[in-house]
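Peer 1: There's a structure below that I have some questions on.
Only the coordinates and a few stated rules stand behind these numbers; no lab work does. Note that the structure is a prediction, hence the values are computed from the model and not measured. Using ideal geometry, Cβ is built from the backbone for each residue, glycine included, and neighbour counts are taken over all protein chains shown.
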Amino acid sequence: MTLSRYAALAMSLAAMSAGITFAAPQARADTPVEIHDRIAPSKTSVETDRRVALTLDACSGKFDADLIAFLVQRRIPATIFVTKKWIDANAYGVSVLKKNLDLFDIEDHGENHIPAVIGAGRKVYGIPGEPDVLHLRREVSEGARAIEATFGAAPHWYRGATAEYDQQASDEIRAMHFKIAGFSVNADAGATLPRAAIARRLQGVKGGDVIIAHMNKPAGDSAEGLAIGLADLQRRGLEFVRLDQVDLQEIAPPSRGMSR
């Protein structure tokens, strides 16, 4: 036992004798957190056991045509979260989505892909957040306005960049009448995983899960890994639904290492 450990033990024993207790350090109230969701149960448990929601983020970057072509071919519906930045840079991708709005629900990922954390100098994964509430409101509302102008329908769900939120930001987003879309299975870790790892993650999907993956990095393995894993889920008899068809309920975070 080192001297510092002896000192800590002696301090603790002295405190106990004096009736003093030391509280465990508490996380800051504004610490960003991921929101984890599953599909809320419906009236029929059989339906709940089979429903899975596939959600795809289009942050910035390009259009993963192979992934979308696979979903169209297999008739797999998905909820796609797009930024205004992605819309402006991907005219062809937008045209493909517009031709398949019977399959895809287009929702809000913000104007410029800025994390939903508020305060000067605050970052998530190295990406700067919003300096104040007014900038957050613009990020959400301008993203929504671009979607309505492009696709003809106003979004009702919001997913912030990095999928992390501080309490002030999440409260403000909900006050703007948006529902925040969490997830329960992270399929591709920001489009960084190889295809085999993506397929393995999808092997654990069960009814009620909300999958997050990406459709803006065609150079990655998301299309290939998702094609393998999603085809297997179809063979298992799971039913894909969009977020505009269901409600979500918040759950405890998944095991460490499976978050975004």
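Peer 1: In what sequence do HIS156, HIS109 fall when counting other Cβ within 10 Å, fewest first? Please list the in-between numbers first.
Peer 2: On the way: HIS156 15, HIS109 33.
So the ranking, lowest neighbour count to highest, is HIS156, HIS109.
Peer 1: If you take the charge dipole of the range 33-250 about its Cα centre, with +1 on Lys and Arg Cβ and -1 on Asp and Glu Cβ, which of GLN234, ALA144, GLY126 is farthest toward its positive end?
Peer 2: In the range 33-250, that residue is GLN234.
Peer 1: Further question: If amide hydrogens are placed 1.01 Å from N in the peptide plane, which non-local residues have theirs closer than 5 Å to the one on VAL52?
Peer 2: GLY208, GLU239, PHE240, VAL241
Peer 1: With θ set to phi - 60°, apply the Karplus curve 6.51 cos²θ - 1.76 cosθ + 1.60 along the range 105-115 and write out the HN-Hα couplings as whole Hz, x wherever there is a Gly or Pro.
Peer 2: Going residue by residue, I get 9, 9, 10, 8, 10, x, 7, 10, 6, 10, x Hz, with x marking Gly and Pro.
Peer 1: Quick check: net charge around GLY225, other residues with Cβ under 13 Å of its Cβ, Lys/Arg +1 and Asp/Glu -1? Intermediate results must be reported in sequence, preceding the final value.
Peer 2: Numbers: positive: ARG195, ARG200, ARG201, LYS217; negative: ASP64, ASP66, ASP188, ASP221, GLU224, ASP232.
Net charge around GLY225: -2.
Peer 1: Ranking request for peptides 73-83, 242-252, 207-217: highest mean number of other beta-carbon atoms within 10 Å first, then the rest in descending order.
Peer 2: Top to bottom by mean Cβ count within 10 Å: 207-217, 73-83, 242-252.
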